1. For segment 8-19, state whether one or more residues are in contact with a helix residue (DSSP H, G or I) (Cβ under 8 Å, 6 or more places away or on another chain), under 17 Å from Leu128 (Cα atoms) and assigned to a helix (DSSP H, G or I).
2. Could you check Gln138 against (1) of a type in the set (S, T, N, Q); (2) under 18 Å from Leu166 (Cα atoms); (3) at pLDDT below 95 and say which number it fails?
3. What are the residues in segment 155-178 that are open to solvent by less than 70 Å² (accessible area, probe 1.4 Å), touching a helix residue (DSSP H, G or I) at 6+ places or on another chain (Cβ under 8 Å) and more than 24 Å from Arg19 (Cα to Cα), if any?
4. Take segment 87-125 and flag every residue that is surrounded by fewer than 18 Cβ atoms within 10 Å (Cβ to Cβ), farther than 17 Å from Met224 by Cα and under 21 Å from the mean Cα position of the chain (by Cα).
5. Tell me which residues, restricted to segment 126-151, are open to solvent by 10 Å² or more (accessible area, probe 1.4 Å) and within 24 Å of Trp205 (Cα to Cα).
6. Out of His227, His210, report the one residue that is at pLDDT 95 or above, open to solvent by 20 Å² or more (accessible area, probe 1.4 Å) and in a helix (DSSP H, G or I).
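The values are calculated or read from the model by the stated rules, or taken from the named source; none is laboratory data. These numbers were taken from a predicted model, which means no experiment stands behind them. Here Cβ is always computed from backbone atoms with ideal geometry, including for glycine, and neighbour counts include all displayed protein chains. Keep in mind that these areas ignore ligands, DNA and RNA; they rest on the heavy atoms of the full protein, side chains included. Shrake-Rupley method; radii C 1.70, N 1.55, O 1.52, S 1.80 Å.
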Amino acid sequence: MSTSEKTAHPDIIPSLSGRELLKKPEMGSILDGIKNVVSCPHKMYRTLYTSTLRHVAEFCQAMPYSEKEGNWEYGFLTRQLGLTLTALKLRRGILLPKNAGAESIAAEDAQWTYAIFSASLVKNLYQLEEKREVSRYQLQGDLIDIWSPITGSLYKTSFYYSMRFLSDKPIEKRDVFMAALSQHVFPTLAVSWLSTNPCLFKQWWDVVLHQSSEDNAIESVIQMAGHKMGIEL
């Protein structure tokens, strides 16, 4: 922040766009890894993957994940990116859909890859609301409001924010919260594309809502990724 941009409140930081956030040095190697593992046409990557990444980044901003895990600057965002990259690497060795023929596996490959990418990226994103309070401010340090993720991302030009952890702010219905949040995160084109594959779409949506069963193939990959990283999901 330049001298002219200093605020009257020392604990607030600027809200950045997804483009700005993903250019941070902390993101470079992870983003390169995701792009290399996905290996799809540039236009498709930009339309589906880059837009989803930017949307999620604008929600996480520079916030830590929790008091116990990722409790440092950009801890939330780097955690989500790391989980996504790990899941995508594991996905390369798993044939999906299960028990399908080679023709079906090849035809659905791109959809399953994006489904695992996007579901991993939003895994536990309910933590944006649970046990934390995020306040938004103007440049002068004047309080605007208490932010709720279901109203949209934390990014807005010339807005600032501060965050504190709370011990008594649970979310009773994670599925309702995630359904509302997903409208701001996933590109409409991506959702429409996945919905053309009903079996895949149901598994993907169940994972997003935290309602997946033990035999959900997407959830299994993400859980393996979490175990490999040593993080709790």
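1. yes
2. (2)
3. Correct list: Ile171, Phe177.
4. Ala110
5. Passing the criteria: Tyr126, Gln127, Glu129, Glu130, Ser148, Ile150, Thr151.
6. His227
Matching residues to (1) among the hydroxyl-bearing types (Ser, Thr, Tyr); (2) modelled with pLDDT of 95 or more; (3) touching a strand residue (DSSP E or B) at 6+ places or on another chain (Cβ under 6 Å):
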residue: Leu166; (1), (2), (3): no, yes, yes
residue: Ile171; (1), (2), (3): no, no, no
residue: Met178; (1), (2), (3): no, yes, no
residue: Pro187; (1), (2), (3): no, yes, no
residue: Glu232; (1), (2), (3): no, no, no
